[in-house]
Amino acid sequence: MPQPKPSRPTQRDIAELAGVSITTVSHVVNGTRAVAEDTKAAVLRAIETTGYTGDAIARSLVTGGTRSIGIAISLLANPYFAMLMQAIEREAAAAGYTVLLADTHDTVDTERETVRTLRSRRVDGLLITPAPGDGSVIGELVSLDVPTVLIDRLATRGDVDQVGVENIQSTSALTAHLATLGHRRIGMISGAPGLSTSEERTLGYRLGLGRSGLTWAPELVVCGQSSRAGGALALNTLLALPEPPTALVVANDSMMVGVLHEARRRGLRIGRDLPVVGYDDVEWADLVDPPLTTMAQPIEDIGRQAVRLLLGRINDPTRKAQTVRLPPTLRHRESCGCPGISAP
């Protein structure tokens, strides 16, 4: 008679052999909670002894990694992030890593769940664009020694790797440029609250006013919630002022879309009736009429640096955390009211 095939090892078998609970085995396999080193070692020995694979996750614990990285990013927040994702994938592929993507929808609760999902897939490290108000998720990853790199939205903490663009001086330069054209009431449509990029670009706007000898007027700064609809609403609010601004700094291209649509609805000509400057420089920035004057983020460099920082952290978990700030490039076109300037 044919002998029955031995059953596939289960987490219960691992738990019995290691002398721990099934819950503890699950935490070790899925990385959902910190486990004492001696307990984790016992579970790993049991995994190796039984040959338990658990969809390749447990095997990765023994062999040392899945050669995959997770990305927790909001694909809805800004078209810039989709371009950044492509840059990350190219750099990761060149290093022999696959990429697992999870959309955070720019909320902390969803971000927490997506991070846990990615960790359950045993990714070797994580790239994250933190949601507004985030802090606990990053703190948990740092405390668990999960290789992590923050992208674009940087934190003030110094215990995590991060890479993004320089926001303060560049937004100051955009504001000062409008001032050199004679504008004395320069408005700003700022990004969603709780984001470091929003705070830094608003600070840069204020710095640019000061450097140009202009007075800060709080009513000239309206939050556009980093969205197209928010940008349109913010423009309405600014134009309803007794003394509306004569020019605008718009803190990202999602809000710029709303500004352009609302200006068209009102019959306002960008660059003439309402000079504007922006931030991000997505691919259509030089295709609209007039082409947009904007700060172009070095997307390829950000993606490349983020992957390299993460792989460096994976290979050397004890090295000192690094913060990398890359300079944006001014794309001086015509939306600011300067005639006859072509995009580079």
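Calculate one ³J(HN,Hα) per residue across the range 281-293 by plugging θ = phi - 60° into the Karplus curve 6.51 cos²θ - 1.76 cosθ + 1.60, and present them in order as whole Hz with x for glycine and proline.
For the range 281-293, the Karplus-derived couplings read 6, 6, 4, 8, 4, 9, 9, 6, 10, x, x, 7, 7 Hz, x marking Gly and Pro.
Which of rounded, prolate or oblate describes the range 211-281 when judged by the alpha-carbon gyration tensor and an a/c cut-off of 1.5?
Judged from the Cα gyration tensor, the range 211-281 comes out rounded (a/c under 1.5).
When Rg is the radius of gyration of the Cα atoms in the chain and Rh is its Kirkwood radius, what does Rg/Rh come to?
1.11
Could you tell me, in Å, what Rg and Dmax come out for the Cα atoms of the range 210-344?
18.2, 59
Considering Cα pairs under 8 angstrom that are at least six residues apart, work out the relative contact order of the range 265-344 and quote it in whole percent.
It rounds to 40 percent for the range 265-344.
For the chain, what relative contact order do you get, as a whole percent, if you take Cα pairs closer than 8 Å and at least 6 residues apart?
So the answer I get is 15 percent.
Kirkwood Rh, Cα Rg: Rg to Rh for the range 98-202?
In the range 98-202, Rg relative to Rh is 1.09.
Measure off, as a whole percent, the carbon and sulfur share of the 1.4 Å-probe accessible area of the chain, all protein chains present.
Carbon and sulfur together cover 52 percent of it.
Give me the distance between the Cα centres of the range 75-131 and the range 146-160, rounded to whole Å.
What the calculation gives is 14 Å, centre to centre.
Counting alpha carbon pairs within less than 8 Å and at least 6 residues apart, what relative contact order, in whole percent, applies to the range 164-228?
Rounded, it is 44 percent for the range 164-228.
For the chain, with every protein chain kept in place, what is the accessible area per residue (1.4 Å probe, Å²)?
I get 46 Å² per residue for the chain.
Which number comes out as Rg/Rh for the range 129-260 once both Rg and the Kirkwood Rh are worked out on C-alpha atoms?
My calculation of the ratio gives 1.05.
Would you mind checking which residues have amide H under 5 Å from residue 104's amide H? H placed 1.01 Å from N; only 5 or more apart, or other chain.
73, 74, 75
With each label point set 7 Å from Cα along the Cα-Cβ vector, what nm distance links residue 105 and residue 326?
Modelled inter-label distance: 3.0 nm.
Starting from the amide H of residue 161, placed 1.01 Å from N in the peptide plane, find each other amide H under 5 Å away whose residue is 5 or more places distant or on another chain.
Residues meeting the criterion, in which the H sits 1.01 Å from N, are 148, 150, 322.
Give the residue list of GluC sites (Glu not before Pro) in the range 209-313 that are DSSP loop and have at most 13 other beta-carbon atoms within 10 angstrom.
283
Just for the Cα atoms in the range 82-127, what are the lengths along the principal axes, largest first, rounded to whole Å?
Rounded to whole Å, the extents work out to 32, 24, 10 Å.
Rounded to the nearest 500, what is the 222 nm mean residue ellipticity of the chain from helices alone, with -39500 (n - 2.57) per DSSP H run of 4+ residues and division by all residues?
Dividing the helical sum by the residues of the chain leaves -13500 deg cm²/dmol.
The values are calculated or read from the model by the stated rules, or taken from the named source; none is laboratory data. The model shown is predicted, which means the values in this text are computed figures rather than measured ones. Reconstructed Cβ throughout: ideal geometry from the backbone, glycine too, with neighbour counts over all protein chains shown. When the accessible area is computed, the model is the full protein with side chains, heavy atoms only, and any ligands, DNA or RNA have been set aside. Shrake-Rupley method; radii C 1.70, N 1.55, O 1.52, S 1.80 Å.
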